[in-house]
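Before any comments, here is the structure.
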Amino acid sequence: MLSLSLLFLAILLAAVTSIAGRVFCGYFCFQTVWTDVFTFIEGKLEGNTPQKAYEFKSSPMSPSKVTKKLTKHVLWLTIAFLTGITFSAWFMDAFLLWHQVAHLSAPKPVWIALAILGGVTYWFAGFMREQVCFWLCPYARLQGVMYDQDTILPAYDAQRGEPRGKLNKDSTVDDLHGSCIDCKVCVAVCPTGVDIRKGQQEGCITCGLCIDACDSIMDKIEQPRGLIRYASFKELHQGINSTPWYFRVRFMLYSLIMLASLGGIGYGFTHLSPIEFSVIHERQPLYVLLSDGSIQNKYTLKLLNKTKQPMKIHYESIGLESAELYGLPEKIIVEPGKMVSVYAYVKVVEKQLVSGLQDITFMAHIINYDAIKVSSKSVFITP
């Protein structure tokens, strides 16, 4: 189910990108979200406009300035630490993890994960920010090749905006040849510094800030909104409407793949076993010749309990005549959410030996759950 889930998410990303561009980058990407949170904290403490931020940065050092800077970095490090904790919690019990971290008794891999994830979050969201999109993120390149002429993207209407002209107190908008007054507000608000008037570029993350900024300027100069707007190549350069997304062949193919993935995921969930059982044959040695002439093979039996109740397990082997299963603990109990591995030995007397590989099946019976039993196939190896 994991592979199908990853397939579904990958195709969903491709389908959304083909319809509306890099909306994942602009609204859902972890780097974008974390950067927005970090810049929000910075704006509240040091100024949320370029002018206020510059005044704070250029002001002389004072107790107030030191306190604000220290508060900012403490909050950033706290978020980074929580990010590392969240990642580590995917691989172990969350309550146990918090207890071990609070008492400084967590395993070394946990501290390594906290250091790496925390450091990366603090550095990327606090300092590199949108430069990650330019230099490190592979999705910026991948999504750029998923566009077509029907994809809706933030775009500049050059036919309406050109030629540009400055607006001053001695001129009016009617004196200009185009609606663009070359105020460069669209460039100033862009997180990656893209000039949308030069067309689509790899730095554009489809956040739409340039659209809002341009609309605010159009309102001030009493011009219609939409000089920068969400539009397709067909609309801007061919003067025709885009093909509805539900009629596009590419989206239909994407939808079929996603439906097939969802069907497989649904089947997996409805047929999910409460336990997982596997048998691993010992590789070294493959078999042992005992003093009485019989052949012995060693196996590792692993059983995972996915239920909320303890399980009492009884193992047996079938499918191999005269095989004797021994060496198992008398009492095998698997706690909820835990996996128990035990060693088992199977031997066949000399008279019943057949040269080569023989099939053998191990059965796991859940004593306190009569309806649950599971099997796993392996082989018995002889000279």
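Normalising the average separation of contacting C-alpha pairs (under 8 angstrom, six or more residues apart) by the number of residues puts the relative contact order of the range 153-231 at 38 percent. If you take the Cα centroid of the range 366-380 and the Cα centroid of the range 65-135, the two points sit 43 Å apart.
Cβ crowding within 10 Å ranks Lys312, Lys72 as Lys312, Lys72, fewest other Cβ atoms first. By the Cβ rule of 4.7 Å, the chain holds the following cysteines without a possible disulfide partner: Cys25, Cys29, Cys133, Cys137, Cys180, Cys183, Cys190, Cys204, Cys207, Cys214. Charge dipole (Cα centre; +1 on Lys/Arg Cβ, -1 on Asp/Glu Cβ; no other charges) of the range 104-224 amounts to roughly 680 debye. Taking the fewest neighbouring Cβ atoms within 10 Å as the starting point, the ordered list for Trp76, Trp111, Trp90 is Trp90, Trp111, Trp76. Taking every alpha-carbon pair under 8 Å whose residues sit at least 6 apart, the chain reaches a relative contact order of 14 percent. Net charge in the neighbourhood of Ile217 (other residues with Cβ under 11 Å of its Cβ; Lys, Arg +1, Asp, Glu -1) is -2. From helices alone, the chain scores -12500 deg cm²/dmol at 222 nm; the rule is -39500 (n - 2.57) for each run of n ≥ 4 DSSP H residues, then divide by the residue total.
Near Gly126: Cβ cut-off under 11 Å, other residues only, Lys/Arg at +1 and Asp/Glu at -1. The net charge is +1. In the range 153-231, the convex hull through the Cα atoms has an average projected area of 4.7 nm², a quarter of its surface area. Between the Cα long axis of helix 30-46 and the first principal axis of the chain there is an angle of about 50°, rounded to the nearest 10. The alpha carbon centroids of the range 180-246 and the range 249-308 are separated by 52 Å. Taking the fewest neighbouring Cβ atoms within 10 Å as the starting point, the ordered list for Thr151, Thr243 is Thr243, Thr151.
Within the same chain, lysines fewer than 8 places from Lys331 are excluded, and of the rest, those with a Cα less than 28 Å from its Cα are Lys298, Lys302, Lys306, Lys308, Lys312, Lys347, Lys373, Lys377.
Bear in mind these aren't lab numbers, they're just calculated from the coordinates by the rules spelled out. No experiment lies behind these values; they were computed from the predicted model shown. Don't worry about glycine lacking a Cβ; one is built from the backbone with ideal geometry, like all the others, and counts go over all protein chains shown.
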